[in-house]
1. Would you confirm, using the coordinates I've provided, whether ARG340 is touching a helix residue (DSSP H, G or I) at 6+ places or on another chain (Cβ under 7 Å), in the same structural domain as PRO430 (by TED's automatic domain parsing), of a type in the set (Lys, Arg) and over 15 Å from SER424 (Cβ atoms)?
2. Return the total of residues in segment 83-110 being in contact (Cβ under 8 Å) with a residue 40 or more places away in the chain, out of contact with any strand residue (DSSP E or B) (no Cβ under 9 Å at 6 or more places or on another chain) and of a type in the set (Ser, Thr, Tyr).
3. Residue check: is ARG286 over 18 Å from the mean Cα position of the chain (by Cα) and within 22 Å of ALA227 (Cβ to Cβ)?
4. Only one of these is over 19 Å from GLY407 (Cβ atoms) and of a type in the set (S, T, N, Q): GLN43, GLN63. Name it.
5. Could you please find all residues in segment 355-379 being in contact with a helix residue (DSSP H, G or I) (Cβ under 7 Å, 6 or more places away or on another chain) and of a type in the set (A, V, I, L, M)?
6. Looking for whichever is assigned by TED's automatic domain parsing to the domain that holds GLU288, of a type in the set (S, T, N, Q), modelled with pLDDT of 95 or more and in a strand (DSSP E or B) here; the options are SER175, SER156. Which one fits?
7. At least 1 residues that are within 14 Å of ALA301 (Cβ to Cβ), of a type in the set (Val, Ile, Thr) and assigned by TED's automatic domain parsing to the domain that holds VAL197 in each: list the strands (runs of 3 or more DSSP E) lying fully within segment 36-115 that qualify.
8. If VAL357 satisfies all but one of (1) assigned to a loop (DSSP other than H, G, I, E, B); (2) touching a residue at least 60 places away in the same chain (Cβ under 8 Å); (3) closer than 17 Å to THR191 by Cα, what's the number of the condition it fails?
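The values are calculated or read from the model by the stated rules, or taken from the named source; none is laboratory data. Here the structure is a predicted model, which is why all the values come from computation and not from measurement. Here the Cβ is made from the backbone with ideal geometry for all residues, glycine too, and neighbour counts use every protein chain on show.
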Amino acid sequence: MSTTLTENSPVSAQDSYFTGLPELSASPLVPVVGGELSAPLVQGGERRYVNLDYAASAPALEQVADYLQQILPYYASVHRGAGYASQISTSVYENARTIVRQAVGGRADDAVIFTRNTTDALNLLSHCLPEGGEVLYLDIEHHANLLPWQALPHRSVLAGSTIAETLEVLERELSISSVALLAVTGASNVTGEVLPVAELARLAHRYGARIVIDAAQLIPHRRLEIAAWEVDYVAFSGHKLYAPFGSGVLLGRPDWLDAGTPHLAGGGAVREVKLESVSWAEGPARHEGGTPNVLGAATLARALQVIGSLEESSWQHHEEQLREYLVTGLETIDGVSVHRLFEDSVQYPQTGSIGVVNFSVEGYDAGLVAAVLSAEFAVGVRDGRFCAHPLLRRLGLPTGSLRASFGLGSRRADAERLIEGVRSLVADGPRWDYVVDAGRWIPANDARSFPDWAPNTPGTAGAAPCIAES
């Protein structure tokens with residue numbers, strides 16, 4: 001019979017599968033909106049919802065939500081508006097660029113372009129490369145850092161089984177012929193393993209290439225130092241950075257961006273328009289046609305300020321201990337495998353892992369495990385192929401796996417609940433019957449419902465096979 005844990009009953013020393021795990025704080029490092037949300041259980045009753053899907057979209061920080069309420073009354077169109085609210089909104093929007101540049105350790109002349117998300121930012125950059133410039137990328141990339149380059153001259157290479165071997169592979173490929181851009185992730189969205197960004201930048205520059213870092217997963221967990229690392233471009237998303245409203249950033253050297261095709265042809269991106277011709281603007285305005293996402297940019301910048309105020313050692317300790325706790329607990333369960341890319345990611349300098357744990361349960365489809373955890377234990381994890389199909393095939397997981405991800409709002413009880421749910425499933429099987437509906441596992445005869453204001457009920461809509469995460 002499985003052990004049932006609650007937030008109010010600490011793990012007993014007699015629970016052998018928790019013996020030796022690190023001590024963890026019972027409180028989140030920083031409060032997030034929805035941290036005390038309750039979710040209904042299929043078998044009846046409710047439990048506090050455990051959000052272990054931060055890597056897809058992180059909940060908003062309470063301080064960010066408070067800031068939003070402060071600026072929302074002044075929301076108006078930015079630029080060229082003479083009105084009081086418009087002037088304030090313009091000030092907030094443009095100041096957000098300065099905050100972002102400083103928060104990531106950017107250079108004084110780095111352009112800060114606000115986009116919809118990381119995918120949008122990398123697509124923007126793909127239209128700004130010098131004509132004929134070749135792009136080099138690894139097979140472990142999220143589709144956001146893989147698909148935009150396929151319309152250009154490109155080479156994809158297989159990462160090695162170690163970080164050291166991967167660097168050797170990249171150096172060999174860079175030395176074969178001229179490469180304009182090396183495009184790599186800062187941290188895997190599948191396994192959470194971190195790559196040595198500064199070392200990758202030095203390698204690219206040694207062979208005359210520039211480098212762009214997909215930092216969608218890295219920036220919510222690590223400080224970025226773009227100038228010190230000599231990174232040319234970085235892209236990331238607000239929705240993974242504890243900010244709502246779907247805003248992203250492309251930051252980097254302005255020359256390619258000023259010469260590139262404008263990302264959105266429209267108002268604000270121009271100097272002068274005639275009926276048959278146009279003179280395009282330079283700087284961020286060139287790529288920000290139309291009315292920008294003022295609130296998205298403002299809350300993204302505010303989230304970076306909050307994270308920047310944290311004491312770094314406490315921040316890292318919180319996440320490292322929680323990850324160790326979760327990995328160790330899962331690995332004590334028969335049939336559970338935790339998946340990694342690199343054999344040396346723990347030992348290699350300036351790498352390690354962020355708050356992402358990828359695992360599978362022998363004998364169970366990943367979608368069924370996720371459905372059981374949600375319906376019976378109020379735990380939200382992600383299942384599938386995480387918009388990284390080539391990587392999942394390499395890991396021997398062609399149909400997908402499970403991902404638990406966490407961050408500033410996570411706590412000990414979240415890890416305990418996930419371990420409880422997986423252990424119960426392995427020991428006793430599902431407590432409820434499940435069926436496949438529109439490609440997704442759902443509880444059969446599910447009597448739960450959404451809140452009255454929500455437009456749907458559980459199980460009535462299928463999910464796309466690859467949910468956009470960046």
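1. Values: touching a helix residue (DSSP H, G or I) at 6+ places or on another chain (Cβ under 7 Å): no; in the same structural domain as PRO430 (by TED's automatic domain parsing): yes; of a type in the set (Lys, Arg): yes; over 15 Å from SER424 (Cβ atoms): yes.
It is false that ARG340 is touching a helix residue (DSSP H, G or I) at 6+ places or on another chain (Cβ under 7 Å), in the same structural domain as PRO430 (by TED's automatic domain parsing), of a type in the set (Lys, Arg) and over 15 Å from SER424 (Cβ atoms).
2. Adding up the residues that qualify gives 1.
3. Numbers: over 18 Å from the mean Cα position of the chain (by Cα): yes; within 22 Å of ALA227 (Cβ to Cβ): no.
Criteria not met by ARG286.
4. Working: GLN63 fails: over 19 Å from GLY407 (Cβ atoms).
Among GLN43, GLN63, only GLN43 is over 19 Å from GLY407 (Cβ atoms) and of a type in the set (S, T, N, Q).
5. Hits for segment 355-379 are VAL357, VAL361, VAL369, VAL372, LEU373, VAL379.
6. None of the other options fit; the residue is SER156.
7. Values: elements: 38-40, 46-48, 111-115.
Ranges flagged: 111-115.
8. (1)
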